[in-house]
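Shown next, in structure tokens, is the structure this report addresses.
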Amino acid sequence: MMTIVVNTTLEKENRAVIGVDLGGTKIATGMLDPTGTLLARSQKATAGLRSSEEVIATIVDTINEVRGQRDIAGIGVASPGMVDSKNGVILNGVNLPDWDGISLRAELEGRLGISVKLINDANAAAWGEYIYGAGRGSQSMVYVTLSTGIGSGLVLDGRLFIGSSSFAGELGHTVVDPHGALCGCGQRGCWETYASGTAIARIANEAIAESAAASQMTLLADAEGVPVSAKHVFLAAGMGDALASGALEQVIHYTGLGLMNIIHSFNPDCIVIGGGVSRAGAAFFEPLLKKTEELVMEPYRGTFAIKPAELKDDVGIIGAAALFVEHP
């Protein structure tokens, strides 16, 4: 079992921390004070970078841009893909050149002389929401991001839980239908195939193909010249479109099933939903809470809250930096 232990002296010293959100399209870096206030921010595109050396050099550039002459307590880095947090190694990169088996912590510490912590991006988001976002004040919180896929992170009894190999929290690949749709991981019926933004679009398009009735989803998408997406499903459902409402009801059912498994497994008092779906508002969250309450065993009812994420696009920066912030 592995947990992340945070720095216990930063608050006393009032030193700034830096968070780096490393992605396939950009490197976003910010400097925060201990209250979570973003003091400076830098962003550079990763398009055109041809090697791991160029990626690392660009990360260093963004860090130097935001730090100026400020004394820095630590640098947290949030990375997609599989990460060995204990040893500070990127095991397999996502959409970055020559990015497998990179000892990123050692590289950055050697070049900057500052302590570095490396973590998966979903875990960073979870910790950021727990310290500074929608999970503030909770004892145990599970963060779930519903976007192209499903990412998640676990904060249990005030500690970020990442497992013995740093791989804990792949809740999107728990199975809700063993005979269901094929997932990109190779299994069938993963939660991700029924509750992600991609799944919402697929379920809606299947409903459209099977129905002879016209749908506002198609009209909305055609007006933009794009395929039907989760956004069009929510908009059309709000307009009373029957097909959209049916697709959304199916997605809420499967989302509730996944949350039921989380609640039965970890008994969190708070579940925070991030990603594009988190912006759907009451039309999604109210029926989702109702459905989840129906699905869980009776003793669990009323023991948890389901909330939309608060930190939005800077959640990776904030969560990575917060690895060096004292637990409140």
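Data overview
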{"quantity": "Qualifying positions in the stretch 138-187 - of a type in the set (D, E, K, R), out of contact with any Phe, Trp or Tyr (no Cβ under 8 Å at 6 or more places or on another chain) and surrounded by fewer than 17 Cβ atoms within 10 Å (Cβ to Cβ)", "calculated": "Asp157"}
{"quantity": "Restricting the stretch 171-205 to residues that are over 24 Å from Phe266 (Cα atoms) and of a type in the set (Val, Ile, Thr), the residue that is farthest from the chain's Cα centre (by Cα)", "calculated": "Ile203"}
{"quantity": "Single residue of the stretch 44-56 satisfying the filter (open to solvent by 70 Å² or more (accessible area, probe 1.4 Å) and not hydrophobic (A, V, I, L, M, F, W, C)) that is nearest to Gly319 (Cα to Cα)", "calculated": "Glu53"}
{"quantity": "Matching residues, the stretch 295-328, being crowded, with 19+ Cβ neighbours inside 10 Å, part of a loop (DSSP other than H, G, I, E, B) and touching a residue at least 40 places away in the same chain (Cβ under 8 Å)", "calculated": "Phe304, Ala309, Leu311, Val325"}
{"quantity": "Residue check for Ser229: small (Gly, Ala, Ser), touching a residue at least 12 places away in the same chain (Cβ under 8 Å) and in contact with an Asp or Glu (Cβ under 7 Å, 6 or more places away or on another chain)", "calculated": "no"}
{"quantity": "Test for Ala237: is it surrounded by fewer than 18 Cβ atoms within 10 Å (Cβ to Cβ), modelled with pLDDT under 95, out of contact with any Gly (no Cβ under 6 Å at 6 or more places or on another chain) and not basic (Lys, Arg)", "calculated": "no"}
{"quantity": "Residue that is farthest from Val315 (Cα to Cα), among those in the stretch 21-43 that are crowded, with 16+ Cβ neighbours inside 10 Å and of a type in the set (D, E, K, R)", "calculated": "Asp33"}
{"quantity": "Unmet requirement for Ser215, which otherwise passes all of (1) under 30 Å from the mean Cα position of the chain (by Cα); (2) surrounded by 13 or more Cβ atoms within 10 Å (Cβ to Cβ)", "calculated": "(1)"}
{"quantity": "Any hit, the stretch 121-131, residues being touching a Ser or Thr at 6+ places or on another chain (Cβ under 7 Å), β-branched (Val, Ile, Thr) and under 30 Å from Gly276 (Cα atoms)", "calculated": "no"}
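The values are calculated or read from the model by the stated rules, or taken from the named source; none is laboratory data. Predicted model only: the values in this text are computed from it and were never measured. Cβ coordinates were reconstructed from backbone atoms using ideal geometry, including for glycine residues, and neighbour counts include every protein chain displayed. All accessible areas refer to the heavy atoms of the entire protein, side chains included, with ligands and DNA or RNA removed. Shrake-Rupley method; radii C 1.70, N 1.55, O 1.52, S 1.80 Å.
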